[in-house]
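The values are calculated or read from the model by the stated rules, or taken from the named source; none is laboratory data. All values reported here derive from a predicted model rather than from experimental measurement. Quick reminder, even Gly has a Cβ in these numbers, built from the backbone with ideal geometry, and neighbours come from all protein chains shown.
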Amino acid sequence: MTDAIRFTLDGREVEAAPGETIWEAATRLGVEIPHLCHLPRPGYRPDGNCRACLVEIEGERVLAASCIRAPAPGMAVRTASRRARHARRMVFELLLADQPDAAARDATGGFARWAARLGVTRSRFAPEPERPAPDLSHPAMAVQLDACIACGLCARACREVQHNDVIGLARRGIGVTVAFDLLDPMGASSCVACGECVQACPTGALLPKSVLNETWRRGAPAEREVASVCPYCGVGCQVGFRVRENRIVEVVGRDGPANRNRLCVKGRFGFDYVAHPDRLTRPLVRIEGAAKDPADCLDPARARTKFREASWEEAMERAAAGLARIRDTHGPGALAGFGSAKGSNEEAYLFQKLVRTGFGTNNVDHCTRLCHAASVAALLEGIGSGAVTAPFTAAADADLILVIGARPTENHPVAATFLKDAARRGATLVVADPRGNGLDRFAAEVLRFAAGSDVALLNALLHVVVTEGLYDRQFVAARVDGFEALRAHLAAYGPEAMERVCGVPAAQLRRVARLYARARAALILWGMGISQSVHGTDNARALIALALLCGQVGRPGTGLHPLRGQNNVQGASDAGLIPMMFPDYRRTGDSTARAFLEELWGARLDPDPGLTVVEILDAALRGEIRGMYIMGENPAMSDPDAAHARAGLARLEHLVVQDLFLTETAALADVVLPASAWPEKDGTVTNTNRQVQMGRKAVEPPGEARQDLAIIVEMARRLGLGWSYAHPREVFAEMARAMPSLAHITWERLEREGSVTYPCPAPDAPGEEIVFRDRFPTPDGRARLVPAGLSDPGEMPDAEFPFILSTGRELEHWHTGAMTRRAAVLDALEPAPTASLAPAELRRLGLAPGARLRVATRRGAVECTARADPAVPEGMVFMAFAYREAAANLLTDPRLDPLAKIPGFKFCAARVEPA
Ligand SMILES: Nc1nc2c(c(=O)[nH]1)N[C@H]1C(S)=C(S)[C@@H](COP(=O)(O)OP(=O)(O)OC[C@H]3O[C@@H](n4cnc5c(=O)[nH]c(N)nc54)[C@H](O)[C@@H]3O)O[C@H]1N2
Ligand SMILES: Nc1nc2c(c(=O)[nH]1)N[C@H]1C(S)=C(S)[C@@H](COP(=O)(O)OP(=O)(O)OC[C@H]3O[C@@H](n4cnc5c(=O)[nH]c(N)nc54)[C@H](O)[C@@H]3O)O[C@H]1N2
Ligand SMILES: [Mo]
């Protein structure tokens, strides 16, 4: 150890690293010291206020809080002296006096554990006469301040770890109390329910209600904890499922590379969908002659009457026979499959292999088409790879972070905490979004620009970079093609001209361009605002050009990061769940790749690329696609122009749906196969940071529901493929052979390490977080600049439809609501569909917040509740697409980006009126 500090600990000569506290050194050396207000986890600073960790330092009059005291050379520390032990016991005894006697209530907290360990079971002191009443106003968490020891950990959790700034300590001295906002009930406060505070609280003062209820019911919360990954977004938070009697009673954050113990409301409190009574427990088959009616999508009860339960044997026989008949009479091109980004890599890999070798077509796609398709198209074209060049945790090394067209505080909340960390540390945060964004209050620059004008905005930045000579000459010369053409193209995009298009003052455009170009290390993160557009590829091209021109790729703190959406959309895409590419993005037309896979799979492969998601449903409506197998996707709710999509699904001669619920899509099926939810299976997933992580089964699927992987294998067997995979590890092994990107990553290694980043250079080395340090994965190693021009962002508002309808998400719900509307806490927090408008627009429309309104477009109309949101610009109406009863996609425009085939979910013309 360099500059180690030598001191004695309980008579032993030891060394501490510089900066280490006595508590840390002792813990490292195996000497246990109690602690309550100190949480030794990333992001938590020690505070030294609870005195549970007192130690004696020779020659000092008073005892020292070891969690904040650094050892000095020659210091003699005694952790177990009579005096220290006595003082610590006294601290616990004093605190115990005020603890409610329901000791079980804090069985999960550190207090009870330490008190028991110290043998402090009774207190000689009288409790405070006034006991605060419990605050049960929040759907997820109980506040019982009678158990509070005012250690302040919850406030640090809320303010310093998650940066939500809701919890504070109010009043002083003996009356000090935990306060939400201005002493509001928790349920009425601005709390976003990340649950960091309940995870930190060392007593039962803040508890998940699920734990409280379980404790009341059964005396103890959980029997065991299973290490897995969160099934919601692409951040890939590592979780612990705490289980009792085949039920998840609590979810805790583990120390994964992407979350450092943090979670968000869905990850922590959104798991009861797994145990919802709506879960499919037996296969269903359509009753003979029961018509497929798109109206059934709106009415699950009516949809259910059109099915009867069947045995697995009958259901699988029907499912496979229907697909085989179409294949054999109309050819492979009459079939298509949608795989899932919510399942494992192994499932995605086998699903695409099934479609390619069992159906005989490349008509296989998944929700990535509706998601980062444009980003991936532009990235492949520009730098030869569609994955992120740096993890979002690279924010820690960045001095500028640009977030454009993404709202991480709602959609990637744990990633957002890392961006907020960086901003609090002093990094410059720039947020560009037509709508106000939860990151704005951390930002140095907020660019509120006109919806759909990204190319104007970005070209103006590029123009400044080029004309002011701010680009990285060396980087451009050594690594980038197309500079001269781009320079010529940009001449017409001066900031003054672009101010008129995008609405951002020229001076701010210049300022931001200079900040970005001059930053030592700048990171760009983007989302659906860039991608989900009829010119999404152009948006992404301009953004990529900005990074390339300024040399902001391939170094620590720099990079391009399209925030991936679904928990496994990176992995599903890598595994080949896309129509134009085999696993690892090898084009179907690439004869070398085809020959390799034909050998590996023992089957002939089609060289022609297949159809994409929206094209497949179009072809279904025309009768060209006749049969489909859909696993873990809900296109009747997630595709644009849902009436059209539903009509396409209804017209199919044969539809097999494999899901957890009788979804809007399953309502139109011929056979519905009950599958396994994420916490019910073993498998790997790949997050937005390219981290391959291990998910483990925590509970059994309900009833006769089966493992997705087993269903796919059985389907393949019945379609004539002689598959026999007994365990996901066998699939992983084959997948790793098909995919060079997985080199040095094995199932066993993942079981051991939990998470490994690809690309990975050796079996015993960590993966590479920052890629393309000196070359890009293009044939000549160089990147390509592709100029982007201005075009309409889609159907423009007019007199009849004067609003822009923008669709997206809200914190508590997941996409089509299949999972989260069946999660009690999430449903309680956001129970019904709303449309958000600027307060001034609501006034103009004569609508009060909470009034019923109607949103109509050329495709359809829905009714819901008006919400006033000052973050929404005037002229825009925002809706989430999670609600069946007001399905936003009945309104959206199906026009596609020509290259990426992604629809413009963020822009179409709409009318808003009182209902
Ligand atoms: N709570 C929750 N989290 C989720 C999901 C969910 O359903 N619920 N889904 C996951 C998935 S699959 C995905 S893909 C991600 C998506 O996460 P995000 O990319 O954050 O998705 P959105 O909120 O749909 O859109 C992002 C932003 O685009 C902005 N925007 C609208 N029009 C434009 C425009 O013309 N230009 C630009 N630059 N921006 C515009 C919107 O105002 C919005 O702030 O979230 C993931 N996380
Ligand atoms: N208007 C509008 N539409 C959009 C978007 C938008 O911003 N606006 N965003 C688009 C984007 S980015 C995306 S990614 C798509 C998402 O579109 P989808 O993927 O269709 O939406 P989800 O609701 O995530 O559907 C997942 C389905 O899988 C099921 N499921 C969950 N876990 C499992 C499992 O382990 N096994 C099986 N078999 N099933 C499972 C769920 O019950 C649910 O039915 O939506 C797109 N549509
Ligand atoms: Mo997505």
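A few comments on the model shown:
- So ALA818, is it within 16 Å of ligand 3 (Cβ to nearest atom), within 30 Å of CYS194 (Cβ to Cβ) and surrounded by 21 or more Cβ atoms within 10 Å (Cβ to Cβ): yes
- Residue check for VAL414: away from ligand 3 (no atom under 16 Å from the Cβ), outside any loop (DSSP other than H, G, I, E, B) and either out of contact with any strand residue (DSSP E or B) (no Cβ under 8 Å at 6 or more places or on another chain) or on the phi < 0 side of the Ramachandran plot (or both): yes
- Failed condition for LEU709, given (1) farther than 25 Å from ALA320 by Cβ; (2) of a type in the set (A, V, I, L, M); (3) out of contact with any strand residue (DSSP E or B) (no Cβ under 6 Å at 6 or more places or on another chain): (1)
- Here is the figure for the range 213-247: residues that are aliphatic (A, V, I, L, M) and in contact with a Lys or Arg (Cβ under 7 Å, 6 or more places away or on another chain) total 5.
- Scanning the range 356-385 for residues that are of a type in the set (Gly, Ala, Ser) and within 14 Å of ligand 3 (Cβ to nearest atom) returns ALA373, ALA374, SER375.
- Residues being hydrophobic (A, V, I, L, M, F, W, C) and either surrounded by fewer than 16 Cβ atoms within 10 Å (Cβ to Cβ) or more than 14 Å from PHE359 (Cβ to Cβ) (or both) - total across the range 602-614: 3
- So THR686, is it more than 18 Å from LYS901 (Cβ to Cβ), in contact with a strand residue (DSSP E or B) (Cβ under 6 Å, 6 or more places away or on another chain) and within 16 Å of ligand 3 (Cβ to nearest atom): yes
- Every test in (1) closer than 30 Å to LYS342 by Cβ; (2) at pLDDT 95 or above; (3) of a type outside the set (Val, Ile, Thr); (4) crowded, with 24+ Cβ neighbours inside 10 Å is passed by CYS154 save one, and that test is (1).
- Search result, residues across the range 477-517 that are crowded, with 17+ Cβ neighbours inside 10 Å, hydrophobic (A, V, I, L, M, F, W, C) and closer than 18 Å to LEU785 by Cα: VAL480, PHE483, LEU486, LEU490, ALA513, ALA517
- Filter result (surrounded by fewer than 24 Cβ atoms within 10 Å (Cβ to Cβ) and more than 19 Å from PHE418 (Cβ to Cβ)) within the range 518-545: ARG518
- Residues of the range 766-789 satisfying the condition of being closer than 15 Å to ARG690 by Cβ and not charged (D, E, K, R): PRO766, GLY767, ILE770, VAL771, PHE772, PRO777
- Leading residue by the ranking (farthest from ligand 2 (Cβ to nearest atom)) among those in the range 439-453 that are more than 20 Å from HIS535 (Cα to Cα) and surrounded by fewer than 21 Cβ atoms within 10 Å (Cβ to Cβ): ALA444
- Of the residues in the range 161-173, at least one is in contact (Cβ under 8 Å) with a residue 12 or more places away in the chain and in a helix (DSSP H, G or I).
- Residue, nearest to ligand 2 (Cβ to nearest atom), within the range 895-909, restricted to residues that are closer than 18 Å to GLY405 by Cα and in contact with a strand residue (DSSP E or B) (Cβ under 7 Å, 6 or more places away or on another chain): PHE905
- Any hit, the range 347-368, residues being more than 16 Å from ligand 1 (Cβ to nearest atom), basic (Lys, Arg), part of a helix (DSSP H, G or I) and surrounded by 23 or more Cβ atoms within 10 Å (Cβ to Cβ): yes
- VAL466 assigned to a helix (DSSP H, G or I), touching a Gly at 6+ places or on another chain (Cβ under 9 Å) and not polar (S, T, N, Q): no
- Helices (runs of 4 or more DSSP H) within the range 529-642 that include 2 or more residues within 16 Å of ligand 3 (Cβ to nearest atom): 536-549, 569-574, 613-621, 635-638
- Listed here are the strands (runs of 3 or more DSSP E) enclosed by the range 776-879 that have at least 3 residues being within 16 Å of ligand 2 (Cβ to nearest atom): 803-808, 834-837, 861-868.
- Residues satisfying the stated conditions in the range 662-675, i.e. buried (at least 24 other Cβ atoms within 10 Å of the Cβ) and either aromatic (Phe, Trp, Tyr) or farther than 18 Å from GLU313 by Cα (or both): THR663, GLU664, THR665, ALA666, ALA667, LEU668
- When the helices (runs of 4 or more DSSP H) confined to the range 695-756 are screened for residues that are closer than 27 Å to GLY234 by Cβ and of a type in the set (Gly, Ala, Ser), those reaching at least 3 such residues are found at 728-738.
- Answer from THR409, THR389, THR393 - the residue that is in a loop (DSSP other than H, G, I, E, B), under 19 Å from VAL235 (Cα atoms) and not small (Gly, Ala, Ser): THR389
- A single member of GLU885, GLU913 is of a type in the set (D, E, K, R), surrounded by fewer than 17 Cβ atoms within 10 Å (Cβ to Cβ) and either within 13 Å of ligand 1 (Cβ to nearest atom) or under 29 Å from the mean Cα position of the chain (by Cα) (or both), and it is GLU885.
- Against the numbered list (1) farther than 21 Å from ARG696 by Cα; (2) under 25 Å from the mean Cα position of the chain (by Cα), TYR232 comes up short only at (1).
- Scanning the range 615-635 for residues that are away from ligand 1 (no atom under 16 Å from the Cβ), within 25 Å of MET879 (Cα to Cα) and surrounded by 24 or more Cβ atoms within 10 Å (Cβ to Cβ) gives a single hit, LEU617.
- Scope the range 12-37; condition without any contact (Cβ under 8 Å) to a residue 12 or more places away in the chain and of a type in the set (Gly, Ala, Ser); matching residues: GLY30
- Those residues of the range 337-376 which are within 15 Å of ligand 2 (Cβ to nearest atom) and small (Gly, Ala, Ser), in sequence order: GLY337, GLY339, SER340, ALA341, GLY343, SER344, ALA348, ALA373, ALA374, SER375
- Considering residues of the range 300-320 that are without any contact (Cβ under 8 Å) to a residue 24 or more places away in the chain and part of a helix (DSSP H, G or I) only, the residue farthest from ligand 1 (Cβ to nearest atom): GLU313
- Selection from the range 882-911 of residues that are in a loop (DSSP other than H, G, I, E, B), of a type in the set (A, V, I, L, M, F, W, C) and more than 16 Å from ligand 3 (Cβ to nearest atom): ALA887, LEU891, LEU899, PHE907
- Checking each residue of the range 871-881 against the condition of being within 16 Å of ligand 3 (Cβ to nearest atom), under 24 Å from ASP639 (Cα atoms) and at pLDDT 95 or above gives at least one match.
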